[in-house]
Amino acid sequence: MNLALVLSIISGYAGFYYSTHPTSKLWHKIPSIKMSRRVQLTPSIRLFARGRIIHLHHWFTCGVLLLVATYTNAGILDAVLAKGVLIGGVLQGISMPEARRLVYKQTDSWKNFSRD
């Protein structure tokens, strides 16, 4: 492993920790963008369907992008820095036990739609 990859993994982990952790001040400053009653894009991607909430955590999104980057030579995703940041995002996300679930029961839509 080269130094650039290690540094980008560390910076990706730290960047995702400070921007996605629920106790982070930065996370609360991210505006809430809702496409409709059933789709929320920021600060986290949530889809509402049939009494369930599908929460696409950042580690899941980073993992999908990392798979795409591994099998393609597409622009910025081919860079070592981008792959390191994505690996850091996956590691930070799966290090939080409460962030491992992707599907939740929707008991109270306002509570589940807000930032808690």
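The values are calculated or read from the model by the stated rules, or taken from the named source; none is laboratory data. The structure displayed is predicted, hence computed values, not measured ones. Positions of Cβ are generated from backbone atoms using ideal geometry, with glycine treated the same way; all protein chains shown enter the neighbour counts.
Would you confirm, using the coordinates I've provided, whether Ile30 is surrounded by 14 or more Cβ atoms within 10 Å (Cβ to Cβ), in contact with a strand residue (DSSP E or B) (Cβ under 6 Å, 6 or more places away or on another chain) and in contact (Cβ under 8 Å) with a residue 12 or more places away in the chain?
Working: surrounded by 14 or more Cβ atoms within 10 Å (Cβ to Cβ): yes; in contact with a strand residue (DSSP E or B) (Cβ under 6 Å, 6 or more places away or on another chain): yes; in contact (Cβ under 8 Å) with a residue 12 or more places away in the chain: yes.
Criteria met by Ile30.
If Val39 satisfies all but one of (1) among the β-branched types (Val, Ile, Thr); (2) over 10 Å from the mean Cα position of the chain (by Cα); (3) under 25 Å from Leu91 (Cα atoms), what's the number of the condition it fails?
For Val39, the failing item is (3).
Report, by residue number, each residue of segment 98-109 that is exposed (fewer than 12 other Cβ atoms within 10 Å of the Cβ) and outside any loop (DSSP other than H, G, I, E, B).
Selection gives Glu98, Val103, Lys105.
Between a first residue in segment 68-97 that is over 15 Å from Thr20 (Cα atoms) and surrounded by 14 or more Cβ atoms within 10 Å (Cβ to Cβ) and a second residue that is of a type in the set (Lys, Arg) and at pLDDT 85 or above, which pairs have beta carbons less than 6 Å apart while being 6 or more apart in sequence or on different chains?
Ala69/Lys83
Quick one: how many residues across segment 69-110 are over 18 Å from the mean Cα position of the chain (by Cα) and not acidic (Asp, Glu)?
Within segment 69-110, the subset over 18 Å from the mean Cα position of the chain (by Cα) is 70-76, 78-80, 105-110.
Then drop every residue that is not not acidic (Asp, Glu), which leaves 70-76, 79-80, 105-107, 109-110.
Number satisfying all stated conditions: 14.
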